[in-house]
Every structure is written in C-alpha cells, then in structure tokens.
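Everything below concerns the one structure shown next.
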Amino acid sequence: MKFICIGRNYAEHVKELNNPLPSEPVIFIKPDTALLQNKGTLYLPEYSNNVHYEIELIFKVCLEGKFIQPQYALKYVNQISVGIDFTARDVQEECKKKGLPWTKAKCFNGSAAVGDFIPLSDIDDLKNITFELFQNGQIKQQGNSAMMLFDVPNIISYISTIMTLKRGDIIFTGTPSGVGRTVPGDILTGYLLGRKLLEIQVQ
Ligand code: MG
C-alpha cells in the first residue's frame, strides 16, 4: 500500500507557513513503512530537532481505479479517520530552500499515524466534518472539511490521473492551521466529529 498526501489544502495553514496558494493540489507520497497504528509510539528521527504534528482527515481506498471522474470518486473510498502527517519541519525548510524534494522530511518510520477507521456511510455530510488534535490534553488544531481548497472527490480524481489508486491505499487530505512541534513524552490525540480515533505517544 501507499500513502498519498495532499499539502497546502487549507488557506490558513498555507498562510502560517508562508506558502503561496496552490492552483492545483500539491501531492507527495509516503512509503508503507511510515505507517503508525492507533496507540503506537512515534520515535522521533535523530536528524530533526523540529518534528511537527499535522492532523488530517484520511480516507481508505476500497477499489482500484485510475482516471476517476469526480462524480464517481466517492465509490473508491469507504472508510474515514484522522491521521497525523508527521513532518520534520527544519528538514523540510532546508529542502524547500534548495529546491529539493521533501522526502527526508516526510517519510521517516512512523510519520503516517493512522486512527481507527469508521465507515464513510456513518458520515452525514462530507462537507461538514469537524476534527481536532490535542497535545497533552490541550487543543492545538481544529479543522472542518468545509475549509478544504480541494474537496475529497476532486482530490481522488486528481491523484488518479497521476497514479493508480489501489485497495488499501490511504489518502491524507491536508492539515488546517495550528501545526506545531512535538517532543518526547507527548500524548497526541485525534478526534473526528467528537469521536476519539487516534492516540499516539511520542518518544
Ligand atoms: Mg500534511
């Protein structure tokens, strides 16, 4: 399986990192070794001093497809949760400065934390999904799918014009503002529509 991630999909977050608003989705991938299951421990990579949490809505692919039209895109995902796209921000800034790929900043082991999935059919309104990240019990990020620059059907359609989506792939849809540093000893928890679906310990 692979992780396909969207960057810069919430205007407030684009602003906080001083990035330009994208005219098409920004995508990158993570390897399967980035997977960190709910209740797992993230071991911070030694080459970074500034790993950030990024809470995101995530979707699991249930059907193989390519060149998917937006109006059929939701047939290709059937589960939803929250995940954390852990990012070595210092390394990413260096890569950006040099015009190099972000891979080293995004793809370390455990960098894709994945909450417990719930059926997408449990969600009444895909355009009004609230989600939150807490760091040691303090709220740090609050998002709503209504604020996405590119919505889920368009993200799925866009990705599928570049690479085939396969069953089991997981799509990260971008983070709202409020990203910040995580340090050893942290407990990070993620909520979707008030339901706690993710808890990660950081070491
Ligand atoms: Mg992200």
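Just so you know, all these numbers are worked out from the coordinates, no wet-lab data involved. Being a predicted model, the structure only gives us computed values, none of them experimental. Note that we place each Cβ from the backbone using ideal geometry, even for glycine, and neighbour counts take in every protein chain shown.
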*Of the criteria (1) surrounded by 19 or more Cβ atoms within 10 Å (Cβ to Cβ); (2) farther than 21 Å from Asn38 by Cα; (3) out of contact with any strand residue (DSSP E or B) (no Cβ under 6 Å at 6 or more places or on another chain), which one Ala105 fails*: (3)
_Could you tell me how many of the residues in region 1-57 are closer than 26 Å to Leu165 by Cα and assigned to a strand (DSSP E or B)?_
18
*Being of a type in the set (S, T, N, Q) and touching a residue at least 60 places away in the same chain (Cβ under 8 Å) is the filter; apply it to region 137-155 and report the residue that is surrounded by the fewest Cβ atoms within 10 Å (Cβ to Cβ).*
Asn154
*For region 145-203, which residues satisfy the criterion of being acidic (Asp, Glu) and assigned to a loop (DSSP other than H, G, I, E, B)?*
Asp151, Asp169, Asp186
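Go over the candidates Pro153, Pro184, Pro176 one by one and state the one that is away from the ligand (no atom under 15 Å from the Cβ) and under 20 Å from Ser111 (Cβ atoms).
Details: Pro153 fails: under 20 Å from Ser111 (Cβ atoms); Pro176 fails: away from the ligand (no atom under 15 Å from the Cβ).
So the residue among Pro153, Pro184, Pro176 that is away from the ligand (no atom under 15 Å from the Cβ) and under 20 Å from Ser111 (Cβ atoms) is Pro184.
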*Are there any pairs, at least 6 apart or on different chains, whose C-beta atoms fall under 9 Å, with the first in region 172-195 and within 12 Å of Phe86 (Cα to Cα) and the second of a type in the set (S, T, N, Q) and assigned to a loop (DSSP other than H, G, I, E, B), and if so, which?*
Gly174/Asn9; Thr175/Asn9; Arg181/Asn49; Arg181/Asn50; Leu188/Asn136; Leu188/Thr182
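Name the single residue, out of those in region 84-136 being basic (Lys, Arg) and under 18 Å from the mean Cα position of the chain (by Cα), that is nearest to the ligand (Cβ to nearest atom). Step through it out loud before you land on a result.
From region 84-136, those basic (Lys, Arg) are 89, 96-98, 104, 106, 127; that's our starting set.
From what is left, the residues that are under 18 Å from the mean Cα position of the chain (by Cα) are 89, 104, 106, 127.
Details: Arg89: 11, Lys104: 15, Lys106: 8, Lys127: 20 Å.
Within region 84-136, the match that is nearest to the ligand (Cβ to nearest atom) is Lys106.
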*Just give me the residues in region 58-103 being of a type in the set (A, V, I, L, M, F, W, C), free of Cβ contacts under 8 Å to residues at least 40 places away in the same chain and in a loop (DSSP other than H, G, I, E, B), in sequence order.*
Leu100
